[in-house]
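As structure tokens, the structure follows; a few thoughts come after it.
The values are calculated or read from the model by the stated rules, or taken from the named source; none is laboratory data. Predicted model only: the values in this text are computed from it and were never measured. Every residue, glycine as well, gets a Cβ built from its backbone with ideal geometry; the counts of neighbours run over all protein chains shown.
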Amino acid sequence: MDPSELAAPVRRALAPLTAIYGAGVAMRNLLYRRSLLGTRFLPVPTISVGNLSAGGTGKTPTVRALACRLLARGRRPGILSRGYGAREGPNEESREMAEALPGVLLHEDPDRVRGGRSLVAAGADAILLDDGFQHRRIGRDLDLVLLDATRPFDRDRLLPSGLLREPPGALARADLVVLTRADQVGAEDRERLWKLVGAIRRFPRIEARHAPSAVVDGESGATQPAAALRGREVFLLAAIGNPRAFASTVESLGARVRGSRFFRDHHAYADPDLRRIEGERAGVPVLTTGKDWPKLRGRLKAPSLVLRVEVEFTAGEGALEEGLDRALRRRGSTPAPGASRE
């Protein structure tokens, strides 16, 4: 179950753990502010993409979009992730990234500094830090934070009774904020969220949507426009941070959803899961996400379709481009107090 959907008695029972977690977050951030915990900068520009919440804001497609922008600038980017949920080999985000960006350097390491060094040694001249906002030990030249418009941060709680990793005030240390899935809420809701953000710190308004780019046949690999889903009956299957947004996107394309099965983010599909899905899908194809497909390929007996989604910036793209360019020029800058360069 999504922590944001917990019943009030459960939230009250978790309140002591939430208080302990919040105190730990506050102490850690205080130690970084007072330079009692150090930050290490890599010798190449480092760009972090992160969030306040645990999953579901669109980090992976945003990292892909930034990698493409770095490639267009003649850079050789390396994508560094923690590798959460990995068991044997790369996790699902890295495998999805490898398929979408062949030839781009990828590395997983819970020790981000060590992982960044490995990417630099392999030839990366810019680092994209996937899910890096809370990993403050590694320095960054651009701190990009994603906020999901469909999950307003002011209506959430800290873990474990909610999804927030940090209080909203942590946005004060970001360089840029992107409101993702902005197309799925009205203008008044977007304005309200930007006012909340502006009360913490003023940022240029950058908004994005998750734009369906294609639907891929899981067996043949044949690709069609996402609009080909209109009128098709499908069964939704996903283990992602925000499955409701996936369902909303599919419905907006005109597909006829005949059922769904959603698991926790990073769920490792077991054979019994797949047998149960085979019985539930009622003879219609399974439609899943690009993130889930590497774990499902060759294991589903049902006809399968994969919805490819890209991030499309609908407002403030110029501010994003300027932020990237500033980050790429910062190599000669002086580290902040308590920080050091490799």
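Among the residues of the range 42-53, those identified as part of a strand (DSSP E or B) and either at pLDDT 95 or above or basic (Lys, Arg) (or both) are Thr46, Ile47, Ser48, Val49, Gly50, Asn51. Only residues that are touching a strand residue (DSSP E or B) at 6+ places or on another chain (Cβ under 7 Å) and assigned to a loop (DSSP other than H, G, I, E, B) were counted across the range 182-203, and they come to 1.
Does Val257 satisfy the condition of being at pLDDT 95 or above, over 19 Å from the mean Cα position of the chain (by Cα), surrounded by fewer than 16 Cβ atoms within 10 Å (Cβ to Cβ) and farther than 22 Å from Thr180 by Cα? Judged against the criteria, Val257 is a match. Based on this model, can you work out whether Ala214 counts as assigned by TED's automatic domain parsing to the domain that holds Glu278 and under 28 Å from Arg261 (Cβ atoms)? Judged against the criteria, Ala214 is a match.
Just to be sure before I move on: is Gly231 at positive phi and out of contact with any Cys (no Cβ under 7 Å at 6 or more places or on another chain) in the structure I sent? Step through it out loud before you land on a result.
On the way: at positive phi: yes; out of contact with any Cys (no Cβ under 7 Å at 6 or more places or on another chain): yes.
For Gly231, the condition - at positive phi and out of contact with any Cys (no Cβ under 7 Å at 6 or more places or on another chain) - is met.
From the list Gly231, Gly218, the lone residue that is more than 17 Å from Ala149 (Cα to Cα) and buried (at least 17 other Cβ atoms within 10 Å of the Cβ) is Gly218. In the condition set (1) touching a residue at least 60 places away in the same chain (Cβ under 8 Å); (2) buried (at least 20 other Cβ atoms within 10 Å of the Cβ); (3) over 11 Å from Gly50 (Cβ atoms); (4) in contact with a strand residue (DSSP E or B) (Cβ under 9 Å, 6 or more places away or on another chain), Ser161 is compliant with all but (4). Residue-level analysis places Ala228 among those that are over 19 Å from the mean Cα position of the chain (by Cα) and at pLDDT 95 or above. Exactly one residue out of Leu14, Leu37 is outside any helix (DSSP H, G or I), touching a residue at least 24 places away in the same chain (Cβ under 8 Å) and over 24 Å from Leu147 (Cα atoms), and it is Leu37.
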